[in-house]
Amino acid sequence: MRRSIVAGFLLLAVAAPARAGEIFGGLYVHDVDTPLNLSGVENGVDAQFGYRWDRIGRTPLQPYLFGALNSAGDTSYAAVGISAKFGDRLFVRPGLGIAVHSGSAANVDQPENNHIEFGSRVLFEPELGIGFSISDSATLEASWVHMSHAQLFGRQNPGIDNIGARLSWKL
């Protein structure tokens, strides 16, 4: 998993244009029980670190790549996607990506194992951030990250929600 994250960063860094992006990192409560999931069974805190490229042309779209490591040894994951930042000093940042996780990809719920059976190794990763600029180089945002496969790979699709905060720094 760690090798995949490092390899992804290196591949995307080599293919990146000369424009600078930003690095970001944050802490997330792992597996928050919300109306959008059927989980709330895993524990720990996720430490998230990533890179967001500069805007694509004049659009608000920004590609991103990040990894999240779970402190309790539960599901960790890496995601790649695209987000859009609307606003300047105060902003909203929706995003949509694809994630690969280290948890169970089983298609059958096994409640006794205290892990989420996602039903697929590859999941959709919608996210939403609401934040503000601390300075010209730094932003702080509250963030929600969801992962599931929308029942495209079977009925076993509990999903997972992680809620936290992240700090971004422009390079």
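The values are calculated or read from the model by the stated rules, or taken from the named source; none is laboratory data. Given the structure is predicted, the values throughout are model-derived calculations rather than measurements. We place every Cβ from the backbone using ideal geometry, glycine too, and count neighbours over all the protein chains shown. Heavy atoms of the whole protein, side chains included, go into the accessibility calculation; ligands, DNA and RNA do not. Shrake-Rupley method; radii C 1.70, N 1.55, O 1.52, S 1.80 Å.
Summary of computed values
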{"read-out": "Relative contact order for the chain, counting Cα pairs under 8 Å that sit 6 or more residues apart, in percent", "value": "22"}
{"read-out": "Total charge dipole magnitude, the chain, about the Cα centre, Cβ charges on Lys, Arg, Asp, Glu only, Debye to nearest 20", "value": "840"}
{"read-out": "Of all accessible heavy-atom area on the chain, the percent that carbon and sulfur account for (1.4 Å)", "value": "66"}
{"read-out": "Computed magnitude of the charge dipole of the stretch 79-125 (debye, nearest 20; Cβ of K, R +1, Cβ of D, E -1)", "value": "380"}
{"read-out": "MRE, 222 nm, helices only [DSSP H, n ≥ 4, -39500 (n - 2.57), over the chain, to nearest 500]", "value": "-2500 deg cm²/dmol"}
{"read-out": "Kirkwood Rh and Cα Rg combined as Rg over Rh, evaluated for the stretch 110-155", "value": "1.22"}
{"read-out": "Compactness relative to 2.2 N^0.38 Å, alpha carbon Rg of the stretch 43-120", "value": "1.38"}
{"read-out": "Distant alpha-carbon pairs in the stretch 31-86 (separation over 12 angstrom), percent", "value": "70"}
{"read-out": "P(r), alpha carbons of the stretch 65-171 - 10 Å bins starting at zero, rounded %", "value": "14, 42, 28, 13, 3"}
